[in-house]
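The next block holds one structure in the form of structure tokens; read it before the comments.
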Amino acid sequence: MFVTCLLVSGSRRKGTANCALNLHRAQTATWAASRSTQQLQVQGWRKPVKPGACQVLNAQLTVFRNPKSGGPGAQASREPPSFAQVLREMAPTGKLDDFVVYDSDGKQHQLLDVVGSYGPEDKDMKATLVIWPRHFGCVLCRRLVKELAAREQAFRQERKWRLMVIGCGTPEQAAKFRTDATLGPLPASIPVYTDPLRRSYLALRFRRGILSTFNLPALQNILDSFQKGERQRWDMIPPDAFQQGGIALIERDTGALWMLYRSQYAGDAPTAEDLLNIEL
């Protein structure tokens, strides 16, 4: 409620925002709890990081360079782990079927299927750049997605990467996110999915907590966005608003995790130029 006190003036406006926030938290929790495929409790997914491939999750930014390909830093590099391997090692059951996402129509998909499936329009793409926003209502995340979407053609033409968004919330919130006027809206070439129980967030060890949400850099980012006329979407905030997001680059042919960025606080993310200039 700290952000509410900062950003909403007047008891009537604050009461309306709080009411809407509580309503949508209840809707999200009810929707997620009704899915028979999501019976595992979130608490069971917080395990210590195993040795091996998952050690990459200890760093804020990990970029893999294949030693066989040469180039800067190649001697200090190693083969990247597969995205599937990282997910499997982090899942309590060790089953990839536990990782499901939903489209804006509420249809269920396997996470690896949506990341690894390419349509005819993506025949030249070499990898998928997946953006995990904090949540669909986050003003800073909507700004990030808008900036990356504005450079979509550069990603596709210069790097042969397609873009994808996986948030957390209801399918209805995912649909609102796609058509949000502040985003453009998003083109059909950038698919949007939701992971209501945040299993992919937990498996990739994205940060979560009050201190990573309410700190000086995050508050500065929020104030900056409000000065630009951008606003939080209270009707799109999930039950857990303290989750941070991240970005991953997943190779097409092998499913290798080429790059992983884990946001340290709200609004912490690489720019489009940073991503376009990453050496692989």
| note | FRET efficiency for E147 and E79 from the Cβ-Cβ distance with R0 = 22 Å, rounded to 0.05, comes out at 0.10
| request: Could you estimate the translational diffusion coefficient of segment 86-143 from the Stokes-Einstein equation, with Rh from the Kirkwood formula over C-alpha pairs, at 25 °C and 0.890 mPa s, in whole µm²/s? | output: 178
| With a 10 Å Cβ neighbour count serving as the proxy for reagent exposure, in which order, fewest first, do T254, T128 appear? | T254, T128
| field | Reference-scaled alpha-carbon Rg (2.2 N^0.38 Å with N residues) for segment 72-189 | value | 1.17
| remark: By the mean-Cβ-within-10 Å protection proxy, highest first, 158-167, 268-277 rank as 158-167, 268-277
| request: Enumerate the amide H contacts of V100 below 5 Å, restricted to partners 5 or more residues apart or on another chain; note that Pro and chain-start residues carry no placed amide H. | output: L111
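No value in this document is a laboratory result; all are computed from the given coordinates. Keep in mind that what you see is a predicted model, and the values were worked out from it rather than measured. Using ideal geometry, Cβ is built from the backbone for each residue, glycine included, and neighbour counts are taken over all protein chains shown.
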